[in-house]
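The values are calculated or read from the model by the stated rules, or taken from the named source; none is laboratory data. Remember, predicted model here, so these are calculated numbers, not experimental data. Backbone-built Cβ (ideal geometry, glycine too); neighbour counts: all protein chains shown. These area figures cover heavy atoms from the full protein model, side chains too; ligands, DNA and RNA do not enter into them. Shrake-Rupley method; radii C 1.70, N 1.55, O 1.52, S 1.80 Å.
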Amino acid sequence: MRLPRFLSFASNDIAIDLGTVNTVVYARGKGIVLNEPSVVAIETRGGVSRVSAIGAEAKLMLGKTPDYIRTVRPMRDGVIADIDIAEKMIKHFIDKAHGGKSRLPRSPQIAICIPSGATLVERRAIQQAGTNAGAGKVYLIEESMAAAIGAGLPVTEPIGAMVVDIGGGTTEVAVLSLRGLAYSNSVRVGGDRMDEAITSGIRRRHNLLVGESTAERIKVEIGSAKPPADGQGRSMRVKGRDLISGFPSEVEVSEADVAGFLAELVGQVVQAVRFALEKTEPELAADLCEQGIVMTGGGSLLARIDEVLAAATGLPVVVAENALTCVALGAGQALEDPVYRGVMTDT
Ligand SMILES: Nc1ncnc2c1ncn2[C@@H]1O[C@H](COP(=O)(O)OP(=O)(O)OP(=O)(O)O)[C@@H](O)[C@H]1O
Ligand SMILES: [Mg+2]
């Protein structure tokens with residue numbers, strides 16, 4: 001007997017959120033089985049290059065490698081910057097999610113999330129990378145749709161819902177209704193640009209050069225979308241290289257400083273959401289008054305970003321409970337639950 005297609009998904013099927021910063025893998029029947037940085041370390045000796053580490057292990061090397069090893073983030077800026085390395089990374093994560101190569105099933109079905117702004121060429125490249133990595137069939141699902149499903153929004157009903165996903169590379173703003181994207185837009189503002197803004201802010205103010213990982217730590221620990229109500233707020237000692245003496249040095253950075261460095265980028269996120277609201281059909285806009293905005297992605301964990309967005313739009317704003325894994329969870333649900341059939345494409 002031939003099973004309906006949705007029932008023929010074997011239990012080895014997986015969904016992958018191939019993020020600019022993190023790759024999250026969901027395995028059917030198991031939930032999230034992997035969550036690692038999208039980083040690959042490449043070693044070149046005697047003119048021959050090979051991958052020496054992928055994921056968490058490679059991230060530890062970021063900015064600290066000897067000159068024969070370089071760390072690459074194949075998904076920089078929300079699109080595939082290096083397809084060959086991206087493919088190796090996908091293959092590694094698929095193998096790892098299945099508990100090692102030896103247990104890799106012959107041809108799992110895989111759902112891969114893509115940013116709504118991805119071009120046809122990029123979509124094909126991702127699909128091909130999945131196939132080359134050993135997938136039997138590759139489905140693509142829009143990140144915003146996956147995020148909405150993962151956050152539990154009513155995407156199969158005729159009710160408008162807005163998702164704002166602030167990732168590492170991009171912020172995706174989408175209005176969804178009836179299994180489709182009624183509006184979507186993507187701006188190249190995300191955690192990476194926030195880290196860069198912190199780095200350049202500290203360089204300007206303190207003549208101190210800090211590394212990528214340090215900038216990210218500052219953002220996570222004392223970053224916020226608006227200055228603290230009273231004074232300088234929390235502060236943190238930050239180490240780097242003094243640009244004048246050239247020596248290692250340490251300065252104190254405050255929450256108010258960091259909010260200042262991030263202000264322009266936060267403004268761009270707000271602007272993208274405002275623009276989306278202006279473009280939304282009145283009936284759907286009316287739904288948004290009740291449904292409000294759901295925020296997902298690591299950037300939504302920036303302190304007070306929800307307050308800033310609520311104040312700017314007058315709408316209720318909530319940050320999804322599982323902001324960092326929402327997209328993979330939603331893609332996994334789309335793969336598992338026939339109610340979501342039609343939200344994925346396979347061409
Ligand atoms: N508490 C926090 N405050 C601010 N930013 C955070 C926090 N936690 C994580 N981030 C940032 O979130 C970003 C990663 O988010 P996420 O994993 O959603 O991105 P991604 O899915 O890999 O990227 P994209 O969707 O753009 O491809 C990183 O820039 C990280 O520094
Ligand atoms: Mg993402």
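Values for this structure:
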item: Options VAL266, VAL258, VAL253, VAL210; residue that is within 16 Å of ligand 1 (Cβ to nearest atom), over 24 Å from ASP306 (Cα atoms) and not hydroxyl-bearing (Ser, Thr, Tyr); result: VAL210
item: Hits in the stretch 136-192 - residues which are of a type in the set (D, E, K, R) and more than 18 Å from LEU329 (Cα to Cα); result: LYS137, GLU157, ARG188, ASP192
item: Count of the stretch 173-195 residues which are without any contact (Cβ under 8 Å) to a residue 60 or more places away in the chain and near ligand 1 (Cβ under 9 Å from one of its atoms); result: 1
item: Selection count, the stretch 131-186, where residues are open to solvent by less than 10 Å² (accessible area, probe 1.4 Å) and touching a Lys or Arg at 6+ places or on another chain (Cβ under 7 Å); result: 4
item: Restricting the stretch 153-210 to residues that are away from ligand 2 (no atom under 14 Å from the Cβ) and touching a Pro at 6+ places or on another chain (Cβ under 8 Å), the residue that is modelled with the highest pLDDT; result: ALA161
item: Strands (runs of 3 or more DSSP E) lying entirely in the stretch 227-297 (those with 2 or more residues that are out of contact with any His (no Cβ under 6 Å at 6 or more places or on another chain) and either of a type in the set (D, E, K, R) or away from ligand 2 (no atom under 16 Å from the Cβ) (or both)); result: 235-242, 248-254
item: Selection from the stretch 28-48 of residues that are open to solvent by 30 Å² or more (accessible area, probe 1.4 Å) and within 18 Å of PHE93 (Cα to Cα); result: ARG28, GLY29, LYS30, ILE32, VAL33, ASN35
item: Strands (runs of 3 or more DSSP E) wholly inside the stretch 94-209 containing at least 2 residues that are closer than 20 Å to ILE83 by Cβ; result: 109-114, 137-142
item: Positions within the stretch 203-217 being out of contact with any Ser or Thr (no Cβ under 9 Å at 6 or more places or on another chain) and crowded, with 16+ Cβ neighbours inside 10 Å, in sequence order; result: GLU216, ARG217
item: Neighbours by Cβ (under 8 Å, 6+ apart or cross-chain): first from the stretch 139-154, farther than 22 Å from ALA125 by Cα; second open to solvent by 10 Å² or more (accessible area, probe 1.4 Å) and of a type in the set (Ser, Thr, Tyr); result: ILE149/TYR340; GLY150/THR325
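Yes/no matrix, rows are residues, columns are (1) surrounded by fewer than 20 Cβ atoms within 10 Å (Cβ to Cβ); (2) at pLDDT 90 or above; (3) under 24 Å from the mean Cα position of the chain (by Cα):
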| site | (1), (2), (3) |
| --- | --- |
| GLY19 | no, yes, yes |
| VAL25 | no, yes, yes |
| ARG50 | yes, yes, no |
| ALA56 | yes, yes, yes |
| ASP95 | yes, no, yes |
